[in-house]
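Each remark here refers to the structure printed beneath this line.
The values are calculated or read from the model by the stated rules, or taken from the named source; none is laboratory data. Just so we're clear, the structure is a prediction, and the values are computed from it rather than from any experiment. No Cβ is skipped: glycine too gets one built from the backbone with ideal geometry, and neighbour counts run over all protein chains shown.
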Amino acid sequence: MSKAKSNKQVYIFAIIVCVACSVILAGAATLLQPRQAVNVKLDIVKNILVAVGHTAEEVNSATPKQVFDMYAAEFSETLVDAENQGADSTFMKQELITLSYPRQQLDDMGLSDILRIFNSKKELLARRSKKSLEQYDPGYKLIHIWKPSGSIEAYVIPIEGYGLWDIIKGYVALEPNLNTIKGISFYEHKETPGLGARITEDWFKEQFKGKQILEPSGELASVTIVRGVASDQYSGSDLTHHVDGISGATLTCKGINQFLSATLATYEPFFATLRKAG
Ligand SMILES: Cc1cc2nc3c(=O)[nH]c(=O)nc-3n(C[C@H](O)[C@H](O)[C@H](O)COP(=O)(O)O)c2cc1C
């Protein structure tokens, strides 16, 4: 066989292998997409349940269906816009339909799923309507209301922002007085194991329970993670706004301090209205 002919065969073989691998990988990615979407949602729902006091063991030992059923039985969801007025999913659905999302599929989804998809398409939708993201964004905020036995026992809001390495996501649950923290959870972070990743350890999250986000005057104070031990540095009502830091993770904690207080500030006008309404 001539050298040119054998080279040609090698190239053809390499191309066939590349094409076959691409087809297999693309097929696997497409097949796994729905499962990945369910796992993302499962992670979110588990963290909401943990924020209100369900144990990690309880939610992790349950099947996905049991976890989703638990959420559906215990929670309702409410949406407010940038002006803290009650909102619904009508606008988001209309907009997603223009991107060819099937109406029926959207009608079958809960508020949080629609908001998640809408948020992921917001930049595209803003470009299409020739507006800046700021002009276009309705600033929707979701609140998960925990009613395990009929009456409201907690309001849960998503928190999200940069730690040291990347975005940290989580949930904070507030007692019905919208002042006392009922629980907090963190997930989907890329902080270093043994350092920043210790934010998911129970001792760290437990210390937020019972802390208060408001000053006695009613001003928003948030809760701040200190460097070191909070009780060495604060006492009395000041201590109700501070928790112990994690050694070697000051930057992660600083990030959490910033996005926790910024998120609480965006919800505060709505919370103030709810507090007034009693
Ligand atoms: C490999 C590596 C990973 C690190 N990961 C984190 C982290 O996840 N979170 C954090 O706040 N700091 C992290 N740091 C930074 C140091 O832990 C920190 O700047 C320094 O030790 C200060 O300690 P302190 O946080 O107790 O003040 C990391 C540093 C290195 C070298």
Worksheet item: For segment 112-137, how many residues meet the condition of being at negative phi and loosely packed, with under 15 Cβ neighbours inside 10 Å?
Response: 12
Practice prompt. Please go through segment 179-196 and pick out each residue that is more than 16 Å from the ligand (Cβ to nearest atom) and at pLDDT below 90.
Written response: none
Fill in: From Ile199, Ile157, Ile167, residue being within 16 Å of the ligand (Cβ to nearest atom) and touching a Ser or Thr at 6+ places or on another chain (Cβ under 8 Å)
Ile199
Discussion item. Ser237 - would you say it is assigned to a loop (DSSP other than H, G, I, E, B) and loosely packed, with under 14 Cβ neighbours inside 10 Å?
Written reply: no
Discussion item. Checking Leu264 against (1) crowded, with 19+ Cβ neighbours inside 10 Å; (2) without any contact (Cβ under 8 Å) to a residue 24 or more places away in the chain; (3) more than 15 Å from the ligand (Cβ to nearest atom): exactly one of these is not met. Which one?
Written reply: (2)
Worksheet entry | Tally of residues being of a type in the set (Ser, Thr, Tyr) and modelled with pLDDT under 90 across segment 63-88 | 0
Discussion item. Within segment 89-144, take every residue that is touching a residue at least 40 places away in the same chain (Cβ under 8 Å) and either of a type in the set (A, V, I, L, M, F, W, C) or in contact with a Gly (Cβ under 7 Å, 6 or more places away or on another chain) (or both) and give me the one that is farthest from Phe68 (Cα to Cα).
Written reply: Phe91
Item to complete: Sort through Glu83, Glu77 and tell me the only one that's of a type in the set (Asp, Glu) and either exposed (fewer than 11 other Cβ atoms within 10 Å of the Cβ) or assigned to a loop (DSSP other than H, G, I, E, B) (or both).
Response: Glu83
Worksheet item: Do you know which residues across segment 240-253 are more than 17 Å from Ser222 (Cβ to Cβ), β-branched (Val, Ile, Thr) and part of a helix (DSSP H, G or I)?
Response: Thr250
Practice prompt. Please specify each residue of segment 225-255 satisfying the condition of being of a type outside the set (D, E, K, R), in contact with a helix residue (DSSP H, G or I) (Cβ under 7 Å, 6 or more places away or on another chain) and within 16 Å of the ligand (Cβ to nearest atom).
Written response: Ile225, Val226, Ala230, Val243, Gly245, Ile246, Ala249, Thr252
Discussion item. Anything in segment 55-74 that is hydrophobic (A, V, I, L, M, F, W, C) and either surrounded by 11 or more Cβ atoms within 10 Å (Cβ to Cβ) or in contact with a helix residue (DSSP H, G or I) (Cβ under 9 Å, 6 or more places away or on another chain) (or both)? List them, or say none.
Written reply: Ala56, Val59, Ala62, Val67, Phe68, Met70, Ala72
